[in-house]
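A short write-up of the structure that comes next.
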Amino acid sequence: MLRSRLARAGIAAAVVVAVLGLYWFQPWKLFTDTYVDDALPPAATTPVTSAPASAPASASPSTAATPAANEILASGDFVTHEHETTGSAEIRRLADGRHQLVIRDLNTSNGPDLRVWLTDQPVIRGTAGWKVFDDGKWVELARLKGNKGNQVYELPASADPADFRSVSIWCKRFAVSFGAADLTTT
């Protein structure tokens, strides 16, 4: 009788561990894809760089003048970290003064708890770059909409694009970057 109770308790414990493991790792996401095709804002063919005469000299470039058209402030290509990742990213200032992160042709693995982060950390290739993005200043824009396709994310008004130099597809559950792009000023 003791043996059957121990066997049932062992089986129950194994089931609980299996359920928790499935919840935590979500292995089925390795075999599923979520495609996104957000409408991308058009970019100006020539950047607008002049500020009006009334703008204070100390104003930052990202807030000094509202462009006459959308303009690309910074851009870069994704590099692979924990999972193979390709695509490109741009920070755009829209004609109405808002800022957006535009991700083009993203292709990465699906995973648990993926987020889009802007950070002040440089992109380091290889395993040395997997965990650097939470070391400094970062802002979480949103959950990743999908692991494939074109995506647009609004930057909060409190986030100055000049403060950030990279974007990471960040797995919050495991504190690791799936892939990241250096944002170089254009």
For peptides 112-122, 95-105, 3-13, sequence by mean Cβ density within 10 Å, most packed first:
112-122, 95-105, 3-13
Need one number: nm distance between label points at residue 96 and residue 38, each 7 Å from Cα along Cα→Cβ, rounded to one decimal.
1.4 nm
Against the rule of thumb 2.2 N^0.38 Å, how large the Cα Rg of segment 106-167 comes out
1.15
Rounded to the nearest 10 Å², what accessible area does residue 75 show when all protein chains are kept and the probe is 1.4 Å?
40 Å²
Across 5 Å bins from 0, what is the distribution of all Cα-Cα pair distances for segment 62-186, in whole percents?
2, 13, 24, 26, 19, 10, 5, 2, 0
Would you rank 167, 16 by solvent-accessible area, highest first, keeping every protein chain in place and using a 1.4 Å probe?
16, 167
Just the number please: accessible area per residue for segment 75-151, 1.4 Å probe, all protein chains included, in Å².
41 Å²
Calculate the spin-label point distance for residue 137 paired with residue 9, positioning each point 7 Å from the Cα along the beta-carbon direction, and give it in nanometres.
5.5 nm
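The values are calculated or read from the model by the stated rules, or taken from the named source; none is laboratory data. In this text the structure is predicted, and so the values were computed from the model without any measurement. All Cβ positions, glycine included, derive from the backbone under ideal geometry; neighbour counts span all protein chains shown. For accessibility, only protein heavy atoms count, side chains too; no ligands or nucleic acids. Shrake-Rupley method; radii C 1.70, N 1.55, O 1.52, S 1.80 Å.
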